[in-house]
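J.: Sending over a structure as structure tokens; questions will come in a sec.
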Amino acid sequence: MLESSRMRVPLKLAVPAALALALLLILNQTKVQIPKITYLFQTCDHDKAQWASFNEMYAYDPVTMDENIEEIFNRVSQRIPKVALESIEKATSAENSNVTIINPKDKYCIGDHLLVKVQAYDYLGDMKTYGGDYLRARIYSPASNSSASGKITDFNNGTYTINFGLFWEGEVYISVLLMHPSEAVSALWRARNQGLQNIKYTGNFTSATEYVNRECNFELDTEEDICSYEDRRDNEAFYCIKPPNFPCEALTHMNSVNRNHSYLTEAEQRLLNRSNIGVDISKRLKPVNVFSCGKKLSVPTEKCNLGAYYSIPSGYFSHNRWNPIYCQMTMFTENEKLKNFLKGKKLFLIGDSTVRQYIRHFAEVLKIVDYFNHTEDEMQTWQKTLLGINLEKFIYIQWKKHTFPFVTQSFYSIKEDTYMARQIDQIGGGENTIIVLTMGQHFRPFPLRIFIKSAINARRAIERLFIRSPRTKVIIKEENVRDMDINMERFSDFHGHINYLVLREIFKGLNIGFVDALDMTIAYASYVIHPPVEVLENIISMSFTHAL
């Protein structure tokens, strides 16, 4: 159980008032502040030179944690368009924008590049003069179940180029979606970091004879007594209003709901209606024809190694198999191959339900492990810890959710919860231990500083793990795209993409594996929070390739 203590005074956000005012002024600027020839939603090779290594910038010093968080936050903020929405007519219109092929040919060859230009226009038909639109680009061939994402460059003047590598033969279709206009991107960034009112947490306090519910959150503005559930070492904390006649330790369950609240204006909310999300601006383009031309793609000879990650596109699907373009991936889809790989190993899965898919796939689909039966007669929902074992092969697999913030309407037990960093600290590690982490989806509705702090603490826990057990394999399963018919203010893929970029920066330099689930799910167009089995098997295979 998380350590608890009582406090009378409600916690305020740990940001000086002067800095908060300065950030507010910045967010109200109309000038677009994106560096030249970059695209916010793309991890490009040249970006690596712009960031110093994490170890050099952020030495372990609890006193400077807030300064470290502000440093990362401000560097992200500088890359976000700051656009005041005067009227919807001035926002980017998918219907009026156009896509053209820069290098049209009657015949393309495998290994060629297909170059596409996007010109953005507003609803009045005027050409946009600034960038920052959130685009999503892919090519695909249904006949062979092949697909790949594209590399986007933003020229900050309403013009974008997209570079697609051509990796397979056949008729290739082009898809360019306007996920959000820059005006919506600016609004989403402001809203995310404006406060905590969009999500309401309820804590369930229990005794032998009764229970009572009270409001909880990362901060509470109340004069009532407060229960503090905190990790003092890592400065992570969550709070609940203390009910009369109940000790703070009586908190056993938690849930959350979306409040009837918004930080967006009415016009900004209209931009985030489902009809304006993921609109195709490439529908007039005809497919292109790609031939072998006597060429063969060069096949990577090196295995995908720990400590390396690559910019989008990092690979492509062909016949539903993911093919990294920089390294070799081993497929783990056969039962015997998986059992032999996992023989004698402990696999710890920590995070949200997208990494919970691993253990469910092993236990419920492949049936290579059996669940340990939970016999507690209490309120147990899908968020409970799962344990799968195979006594014949001595396989041990455990999934456990990360703790606050965890977003779900059903009440879930927090009796055994600890922050992700503490969960890592509790693992002994060793050459037969694999840890797969994911964090991001449940952090989307909350200010980015909360996510940055949790990620920094997780990194430091991994550093401690490597000191005591340097041969432990640690894999980061990165965020994947999700549904388009959700509440965008809280759960937009824009928020996920920001988390993705921050996570890569914070964990850079560690000898760990990165599984680019974002690139895979963009390429496959699997717009569901839990990717289909065809994608999941490739995500698992990439995870275990890193752990070989």
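J.: Tell me the residue from I450, I498 that is surrounded by fewer than 22 Cβ atoms within 10 Å (Cβ to Cβ) and among the β-branched types (V, I, T), please.
T.: I450
J.: Here is a follow-up. Being hydroxyl-bearing (S, T, Y), open to solvent by less than 10 Å² (accessible area, probe 1.4 Å) and not in a loop (DSSP other than H, G, I, E, B) is the filter here, so list the residues in the stretch 403-432 that pass it.
T.: Within the stretch 403-432, just Y412 meets the criteria.
Residues are listed down the side, and each one gets a yes or a no for (1) out of contact with any Lys or Arg (no Cβ under 8 Å at 6 or more places or on another chain); (2) acidic (D, E); (3) without any contact (Cβ under 8 Å) to a residue 12 or more places away in the chain; (4) within 24 Å of G315 (Cα to Cα):
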| residue | (1), (2), (3), (4) |
| --- | --- |
| Y108 | yes, no, no, yes |
| L114 | yes, no, no, yes |
| D122 | no, yes, no, no |
| G125 | yes, no, no, no |
| L135 | yes, no, no, yes |
| R138 | yes, no, no, yes |
| S141 | yes, no, no, yes |
| D154 | yes, yes, no, yes |
| G158 | no, no, no, no |
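J.: Name the residues in the stretch 535-548 that are crowded, with 16+ Cβ neighbours inside 10 Å and either of a type in the set (G, A, S) or more than 16 Å from I359 (Cβ to Cβ) (or both), would you? Steps first, please.
T.: First pass over the stretch 535-548, keeping only residues crowded, with 16+ Cβ neighbours inside 10 Å: 535-547.
Those that are crowded, with 16+ Cβ neighbours inside 10 Å and either of a type in the set (G, A, S) or more than 16 Å from I359 (Cβ to Cβ) (or both): V535, N538, S541, M542, S543, T545, H546, A547.
J.: A further question on this structure: Can you give me the ranges of the strands (runs of 3 or more DSSP E) entirely in the stretch 217-315 with at least 3 residues that are open to solvent by 30 Å² or more (accessible area, probe 1.4 Å), touching a Leu at 6+ places or on another chain (Cβ under 6 Å) and at pLDDT 95 or above? Steps first, please.
T.: Numbers: elements: 226-231, 236-241, 251-258, 288-291.
Those strands (runs of 3 or more DSSP E) do not exist here; none qualify.
J.: Let me ask something else about it. Would you mind stating whether F341 is part of a helix (DSSP H, G or I) and without any contact (Cβ under 8 Å) to a residue 60 or more places away in the chain? Quick ask: steps written out before the conclusion?
T.: On the way: part of a helix (DSSP H, G or I): yes; without any contact (Cβ under 8 Å) to a residue 60 or more places away in the chain: no.
So F341 does not fit the description; no.
The values are calculated or read from the model by the stated rules, or taken from the named source; none is laboratory data. The model shown is predicted, which means the values in this text are computed figures rather than measured ones. All Cβ positions, even for glycine, are placed from backbone atoms using ideal geometry, and neighbour counts span all protein chains on display. Quick note on the areas: whole protein, heavy atoms, side chains included, nothing else; ligands and nucleic acids left out. Shrake-Rupley method; radii C 1.70, N 1.55, O 1.52, S 1.80 Å.
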